[in-house]
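> Input: one structure, supplied below.
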Amino acid sequence: MRYGIGDVIDPSARPRQTHEDEQNSLHPTRRSGYLTGKKFELWFRVKPLKAFLMDTILLLAIFTLLAVLFTYYFVSGANAFNNSFWSNPVRRFVLTFSASVLDARWKHLEREVRIMTPYRRLHAESASACSTILVTQNGTAISSFAPALLRRNFFHAFVALIAILPDLLIIFIGGVPYSPAQVLEVYYTRTYTSITILYLMVASVPVVVAWRLQNLRTKMPREPDTLLAVWMMMCSE
C-alpha cells in the first residue's frame, strides 16, 4: 500500500555507481535497505506484543478495582477486608489514584484511535482525502467526540466516550467508602455509577485489542503520530 507520492527516477540523471555501491550490491546484508527491512520486520513483530501486554495490564487493573468495589459493597460484616479498608486513612486516595491511572491509559488509547482512524479509512479506500489525512485533529477526547460522530467514525466516537467516563469515575469512586456523615442514597448512586463505568471499560478493552489487530493489515512502517512521520509515509520512505 502507498500512502502518497512515490519517487520517480530519471535514468539519464542516475548518479554514477561508486566502488562502495558495487561492494554493497555484491553483499545484500550490507545494503541499508536490507537493514531497514530487518528493523521494520522486528518492529512490526514486537510492537503488537507490547501493546497487547499493556492492554492486558489495563484489563487486570480494571478487574482489580471492580473486585474491590464488589467486595466492599456485597461482603458486609467484620472481616479482614472491611476492617483494613475502614481503618485505612488513605482509602479514598487509593481509589481516586487508581481511577486516575485508568483515565490516563484510556486517554492514550483514544489518541491512538484518533490518529489511526483516517489512515484506516484511507487504506479501505472508503473516503476522500478531505475526510482522512487532511482532517484537522482535535486534542482531547471531549473535543473529538462530536466531530467523530459527524464524520461517521463511530468506533472513534465510542472510544472517545469511554475515555471521557474515567473523568466521572474519579469523582464518583471517591465517595464509595461510606462515611456516617454521607447521605446513604448518594453512596448508592456513586457505587452503582462506578461499577457501571468499570463494566463498560471491561467490555471495551477486547474491542480495542481487535481493532489494533486489524491495524496490522495496513502494514504501515511507522505510526503517523508526528508530522515528520506523515511526510515520510507520503513520500514512501
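> Here's a check for you: in region 185-237, which residue that is over 23 Å from the mean Cα position of the chain (by Cα), surrounded by 15 or more Cβ atoms within 10 Å (Cβ to Cβ) and of a type in the set (S, T, N, Q) is modelled with the highest pLDDT?
T193
> Further question: So if I check each of P118, P177, P166, which one is under 16 Å from the mean Cα position of the chain (by Cα), at pLDDT below 85 and surrounded by 15 or more Cβ atoms within 10 Å (Cβ to Cβ)?
Details: P177 fails: under 16 Å from the mean Cα position of the chain (by Cα); P166 fails: at pLDDT below 85.
None of the others qualify; the one that does is P118.
> Output the residue which, of all residues in region 147-198 that are of a type in the set (S, T, N, Q) and without any contact (Cβ under 8 Å) to a residue 40 or more places away in the chain, is nearest to F63 (Cα to Cα).
T196
> Looking only at region 53-99, which residues are among the small types (G, A, S) and modelled with pLDDT of 85 or more?
Of all residues in region 53-99, those among the small types (G, A, S) come to 61, 67, 76-78, 80, 84, 87, 98-99.
Matches in region 53-99: A61, A67, S98, A99.
> Still on this structure, please answer the following. Kindly list the number of the only condition in (1) touching a helix residue (DSSP H, G or I) at 6+ places or on another chain (Cβ under 6 Å); (2) over 20 Å from V101 (Cα atoms); (3) of a type outside the set (K, R) that fails for I170.
(2) is the only condition that I170 fails.
> A further question follows. So which residues in region 136-147 are surrounded by 16 or more Cβ atoms within 10 Å (Cβ to Cβ) and more than 16 Å from the chain's Cα centre (by Cα)?
Result: P147, single match.
The values are calculated or read from the model by the stated rules, or taken from the named source; none is laboratory data. The structure displayed is predicted, hence computed values, not measured ones. No Cβ is skipped: glycine too gets one built from the backbone with ideal geometry, and neighbour counts run over all protein chains shown.
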